[in-house]
Structures are given as structure tokens and as C-alpha cells.
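J.: Take this structure first; my questions come after.
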Amino acid sequence: MTLQKVREYIVRHRLIADGDLVVVGVSGGPDSVALLHMLLQLREDLGFQVHAAHLHHGLRSEADRDQSLVESICREWQVPLSLRRVDVARMAAEEKMSVEEAGREVRYRFLEDVRREIKGHKIATAHHRGDQAETVLLHLIQGTGARGLQGIVPKRDRIIRPLLDIAKSEIIDYLEYHRLPYRIDSSNFDNNYLRNRIRWELLPLLEQRFNPGMVDVLCRLAAVMREENRYWDELVGEAMDEVVQEGEEVPLTVGVERLQALPLALKRRLIYQILRRAGSRRVSWDDVERVVGLLSQPESGHRVPVSGGLWVRKSYDVLEFGIEETAPVDFCYELEVPGQIEIKEIGLLVSARLLSEAPKVMTAETAVFDWEALKKPLFIRSRRPGDTFRPLGLGGSQKLKKYLIDKKIPRSQRERIGILAADDEIYWVIGHRQDERGRVTRDTRKFLEIKASRVDK
């Protein structure tokens, strides 16, 4: 019954198409193990293929056993598996993020990397109805608008959630019926995390004292808001085409009079989307309200800061959405192999060594190349006007500036990016993407491993 319910959900929301290759995130926990098993049962019927991916976060002592379980399951079920190990705690400290936020960031980055490497079509995660209810409550507590109330969506870009209409109890029943092994993540019971306090304290309290069907109520609210937002997004898209202009010196401009004439609800949603397009990854309610207030300022020249290193300025009859300027840095150092070098200008430590076989453990800070395919000597240098490279897995060449803009990398961060290069060839935009040239192939005989990590300046 549960499997049929998942199949109907996949078909209804068009999550998987015939011929798709689906990357499944498998932690070893009950939800992801059930997801992997269900998709394997459905793959022949719906005409898709499955590839598993497991990320070792380096946070818990039992994480090695989680990985061993996933490897064992994939061997037994004959599922191809990609692995990566990342020091999430270190990343969180370096990027001034919470461990929870850093874990989510690196997890989705890893899954997308795997999808690109194997030329996959979709990424499946094991979010279920309980996760949906928790997410809506989390957004309410932290402060949200209509978009936050839709919670987790069935499909976002290439990410799909086939279990989103399944209760946790149904997942456990499925695991027990099929006698499937799984592991429990001890961090799920750590009440230092807000989501865990919602799961173990707030949601049970609401169910016991106010409404035993609280999960259903919250999931229904999310479904309603998803449809509301879909309608509004169509209106916002039409308004964006009418009022937003793109430029070189100032990325985006908007006519004040046309924006001010819009109803407040549409105006807020439009400003939110403009800020997203300008490069702010996490637009807050305060950001939107500052821009709404700026519209009412009678004088020209007023400017307000918003999230993501952006500013918005009223210049006569237009609003200008720009990026905080940072002084460009210029450096170029030869990289000895083997060897290590510190790029003090951007606080980067780079080390290189040669290996006779590919390293078994990769991190987000590591890149591996075919040593014999690279020009020499190698340099670590700053970006230069006109830089072009061939992003691995994307096909064709691309201007580096355009690539970073498309990836919504703030200009302030672009100036702190190092480039591994030789002559006119770029091999690695450090911390972002390797070039097709120098990539490892089945014919590679000598491997160059390069590690790049941030250091305190």
C-alpha cells in the first residue's frame, strides 16, 4: 500500500520521467533506506535508473558505521554508490554558519556534484510528512511570509521528494515488513538543534494539548500555500518583465513610480524576487521592508543595505540594486609539486602532492587531476579580465565572470577566489569547479592531489 502511494505521488507530481537517472541521498537512516528500496522496486515500472550517494559529515563517532551500512546495502542491492567525506564542523566555523546550516549546504552541493559527474537527471531526498510539519513550524518560529509557509515542495529544480506524502509511521512499517536494516542518527536527539526541539517538544505538545491531527493540519497548510504561491509567482513573473531593467554598472534598476503603484502584496513579492535575482541568497522580511520604506523617501541618493552584500539606492526615479564594491586583489604564485604555499592576499593555504592512485577520501577542499595532462609550471593566481574556462561536466567554454554571476557568487567573494592555472589554461576555480582539461580519466597513471583551505589572515 505504501509503495503504491509513493508511485501515485511520483506520477501525480511528475517527479521522475521515463529514462531518468536518479541520484538518491542515502544517510543510512530509516527514511533514506526506505526511499532507496522503494525506488528500486519502482524503477522498472516507471523506467528510470538509480544511483546512491552517501556523505560522511565527520561529525559523529558512529558515522563510519553509517557509511559501512550504506556500502553493504548497495553491494547487496547492486546499486552504484558515490561517497564523499567532508569536515562539516570546520566548514561551519570557517564560513560562520551553524553546523546544521553547513551540513545542509554541503549535502546538497555533494548531491549536485554527483548528479553532474554521472550525468544524472534528478536528486531524490527522503523528506516525509513529519519533516514537512516541522519545517512549517520552524519557519513560523523564525519569522516567515507566505513562501515559508509552503514548507518543502515536492520538486525544486532537479531535487525531488517522493516520500513527502508519507508519514513516518508508514516508513517504519515498510522497513519492518521488508526487514530492512537502518541506523539511527544520534544527533537527531540533540536538543541544541532547533528542529529537534520542534520534533520532540513543540509538535508533541501541540498534538497532545491542542490538536492530535497537527501534522495533517500543517501539511494541508503547506499544500494550500504552495498553490497560492504558484499563482502569485505568475503575477510576479509578468511584473518582473515589465519593471526590471538589467545593466552593466548597476546590475538591476526598477522604476520607482511603476513599483510604487503596485498593490503592497505584489510589491513585496516582487521586491523579494528582485533581491534574489540581484544575488541575495537569503532575503529576509526586514530586507523587503527596508526597500518598501526606501520607495517613500522623497529625496534622491538614499541607500539601504540588504542581505548578501547588496545595497539598494533611490536615484531620482529609479531604484538601483547593486553589490558592495571590494578592492580587487592581484597575486600570482608558482605552485611547487610536491609543495605548499600560503596565499596571504586571500587567506588560502594550498598544498600539492603526486599519487600513484586516486585518493579514496575526497573533501570539498580537494581536487584531483591527471598530472601528465597539465601544462607546467602551475600557478595560483587571481582572476583576470577575460578569463575563460571549460567547467567540468557542463560542456563548452564559458567566461569565468559569467559563470560566477550565474552561480550567484557575491562580488565581494569573487575577489577572494584563487585560480589554478598554467599559461592560458585554467584548471580549477578553487572551491568551485574544475576545468575539463586535466580531469582524471581511466587512462590516468599519475594523480595530482591539491588541497586548498582557508586560513586566518
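J.: Hey, how many Å between the Cα centroid of region 384-440 and the Cα centroid of region 72-149?
T.: Value for the Cα centre distance between the two parts: 25 Å.
J.: Another question about this same structure. Karplus couplings for region 65-79 from phi (6.51 cos²θ - 1.76 cosθ + 1.60, θ = phi - 60°), rounded to Hz, Gly and Pro as x?
T.: Computed from phi, the couplings for region 65-79 are 6, 4, 5, 4, 5, 4, 4, 5, 4, 5, 5, 5, 8, 6, 10 Hz.
J.: Tell me whether region 132-216 comes out rounded, prolate or oblate; compute the Cα gyration tensor, take square roots of the eigenvalues as a ≥ b ≥ c, and use a/c under 1.5 as the rounded threshold. Could you put the intermediate results ahead of the total?
T.: Values: a/c = 1.60, a/b = 1.22, b/c = 1.31.
Note, shape of region 132-216 comes out oblate.
J.: Turning to a different aspect of this structure: Can you list the HN-Hα couplings for region 261-270, worked out from phi with the Karplus curve (6.51, -1.76, 1.60; θ = phi - 60°), rounded to whole Hz and with x for Gly and Pro?
T.: 6, 6, x, 4, 4, 5, 4, 4, 5, 5
J.: Counting every Cα pair in the chain, what percent are over 41 Å apart? Numbers along the way, then the final one.
T.: Numbers: 26620 of 104196 pairs.
For the chain, the share of Cα pairs beyond 41 Å comes to 26 percent.
J.: Assuming 1.567 mPa s and 4 °C, estimate D for region 247-323 with Stokes-Einstein, Rh taken as the Kirkwood radius over Cα pairs, in µm²/s.
T.: Answer from the Stokes-Einstein relation: 107 µm²/s.
J.: Would you pull out the residues with amide H under 5 Å of Leu348's amide H, same chain only if 5 or more places away, H placed 1.01 Å from N?
T.: Under 5 Å from the amide H of Leu348: Ile343, Val455.
J.: OK, next. Rank these for me by crowding, Trp428, Trp77, going from fewest to most other beta carbons within 10 Å.
T.: On the way: Trp428 22, Trp77 13.
Starting with the residue having the fewest Cβ neighbours, the order is Trp77, Trp428.
J.: Sticking with the crude label model, points 7 Å out along Cα→Cβ, report the distance from Glu112 to Arg281 in nm, one decimal please.
T.: 0.9
J.: Out of all DSSP beta bridges with both ends in the chain, state the antiparallel percent to the nearest 5. Write down the numbers at each step before the final one.
T.: Values: 53 of 68 bridges.
The antiparallel proportion sits near 80 percent.
J.: Could you sort the peptides 122-132, 141-151 by per-residue average Cβ neighbour count (10 Å cutoff), highest mean leading?
T.: Values: 122-132: 22.9, 141-151: 16.4.
Ranked from most to least packed, the peptides come out as 122-132, 141-151.
J.: What residues qualify as long-range amide H neighbours of Ser307, i.e. H under 5 Å apart, gap of 5 or more or another chain, H built at 1.01 Å from N?
T.: Under 5 Å from the amide H of Ser307 lie the amide H atoms of Ser284, each far enough along the sequence or on another chain.
J.: Hand me the trypsin sites (Lys or Arg not before Pro) from region 224-326 located in a DSSP loop with no more than 14 other Cβ atoms within 10 Å, in residue order please. The partial results should precede the final answer.
T.: Working: sites: Arg226, Arg230, Arg258, Lys267, Arg268, Arg269, Arg276, Arg277, Arg281, Arg282, Arg290, Arg303, Arg313, Lys314; in loops: Arg281, Arg282.
Here the trypsin sites (Lys or Arg not before Pro) that fit, given the DSSP loop and packing criteria, are Arg281, Arg282.
J.: For region 29-37, just list the computed ³J(HN,Hα) in residue order, Karplus coefficients 6.51, -1.76 and 1.60, θ = phi - 60°, integers in Hz, with x standing in for Gly and Pro.
T.: x, x, 5, 6, 5, 4, 4, 4, 5
J.: What 222 nm value per residue comes from the helices of the chain, counting each DSSP H run with n ≥ 4 as -39,500 (n - 2.57) and dividing by all residues, nearest 500 deg cm²/dmol? It would help to have the intermediate numbers written out before the result.
T.: Numbers: 15 runs with 177 residues, N = 457.
The helix-only estimate for the chain comes to -12000 deg cm²/dmol at 222 nm.
J.: Residues with amide H under 5 Å of Leu335's amide H, sequence separation 5 or more or different chain, H placed in the peptide plane at 1.01 Å from N; which?
T.: Those qualifying (amide H under 5 Å, at least 5 residues apart or on another chain) are Leu378, Phe379, Ile380.
J.: For the residues Ser32, Ser307, Ser351, what sequence is obtained by ranking on other C-beta atoms within 10 Å, fewest first? Could the numbers behind the result be given before it?
T.: Details: Ser32 22, Ser307 14, Ser351 17.
Fewest to most other Cβ atoms nearby, the residues stand as Ser307, Ser351, Ser32.
J.: Also, I was wondering about something else. Taking 41 Å as R0, compute the FRET efficiency from the Cβ-Cβ separation of Glu76 and Thr441 and round it to 0.05. Intermediate values should be presented prior to the final figure.
T.: Values: r = 30 Å, r/R0 = 0.73.
Here the calculated transfer efficiency is 0.85.
J.: Provide the gained length on full extension for the span Tyr316 to Trp200, in nm with one decimal, where the gain is 0.36 nm per separating residue minus the Cα-Cα distance.
T.: 36.5 nm
J.: Quick one: order Cys332, Cys219 by neighbouring beta-carbon count within 10 Å, fewest to most. Could you put the intermediate results ahead of the total?
T.: Working: Cys332 12, Cys219 23.
Arranged by neighbour count, lowest to highest, Cys332, Cys219 become Cys332, Cys219.
All of the numbers you see were taken from the coordinates with simple rules; none came from a lab. If you're wondering where the values come from, they're calculated on a predicted model, not measured in any experiment. All Cβ positions, glycine included, derive from the backbone under ideal geometry; neighbour counts span all protein chains shown.
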